[in-house]
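Chemist: Have a look at this one.
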Amino acid sequence: MPAAPRHAKPPAPVTRFRAPAVAAVALAGVTAAFVSLHGGSAPPSSSGKTASAASEEALFTGGHVTAEVRRDVGRAQARSARRVARNHELAQQRAAQQQAAAQQPSPAPSSPPPDLSGGSDPAHSALGICIRNAEEGGSYAWGPGNGGGAYQFVIGTWETYGGAASEFGVAGPAYQDQIFNNAIAAGGASNWTAYDGC
């Protein structure tokens, strides 16, 4: 082996840890910034200050809160004041509605329909039972569709035979039976018999 020249430099050692070291330092800086922004604590930096202390120092300048922090606090206070005012307004509206509802008189009971049938009771005859079963399965409930109730009245038929418009859609069984009785007494059986096979 030949002897090394006298003035030759020894080969420089290979630094294999340069990139990982830089990455570790960068990661530590990002971690410290993240922790300080979210109010946590981070390990002390090489200067002896924690990242939290450094961020607090950045927020305060000469013992005064920076304009940015004052602006953020002011906005938060304004939002809170608006929310309190809106909740108060809604509570007052609810109280006024409850008071108005308590003062309203209860609706007067509906007057019975006029008896145009002369006292007869076709609603409980074989014809009435057949029509109720054919129209609504015997139920007096009001439902969607062209008519309603046990006899599937339409508003025109209802009013023609003495039914009040305000009772259409809400009248109970006795009221419905009376309107049916009035219709039969006035010769209105064809309103049903032509369709129901009764």
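Chemist: At a probe radius of 1.4 Å, what is the per-residue accessible area of D72, in Å² to the nearest 10?
Modeler: Ignoring ligands and nucleic acids, D72 comes out at about 70 Å².
Chemist: For the stretch 66-198, what ratio Rg/Rh do Cα atoms give with a Kirkwood hydrodynamic radius?
Modeler: Over the Cα atoms of the stretch 66-198, Rg/Rh equals 1.48.
Chemist: Spin-label point model (7 Å from Cα, Cβ direction): what's the C130 to R71 distance in nm?
Modeler: 8.7
Chemist: Here is a further query. Where in the stretch 155-189 are there chymotrypsin sites (Phe, Trp or Tyr not before Pro) that are in a DSSP coil and have at most 13 other Cβ atoms within 10 angstrom of their Cβ?
Modeler: Sites meeting the loop and neighbour criteria: none at all.
Chemist: Any chance you could run the full-extension gain for L90 through D121? It's 0.36 nm times the residue separation minus the Cα-Cα distance, nm to one decimal.
Modeler: Separation in residues times 0.36 nm, less the Cα-Cα distance, equals 5.7 nm.
Chemist: Same structure, new question: Rank these by accessible area, largest first, 1.4 Å probe: E159, E167.
Modeler: So, going from the largest accessible area down, we get E159, E167.
The values are calculated or read from the model by the stated rules, or taken from the named source; none is laboratory data. Treat the numbers as computed from the prediction; the structure is a model and nothing was measured. Reconstructed Cβ throughout: ideal geometry from the backbone, glycine too, with neighbour counts over all protein chains shown. Remember, those area values only see protein heavy atoms, side chains included, never the ligands or the DNA or RNA. Shrake-Rupley method; radii C 1.70, N 1.55, O 1.52, S 1.80 Å.
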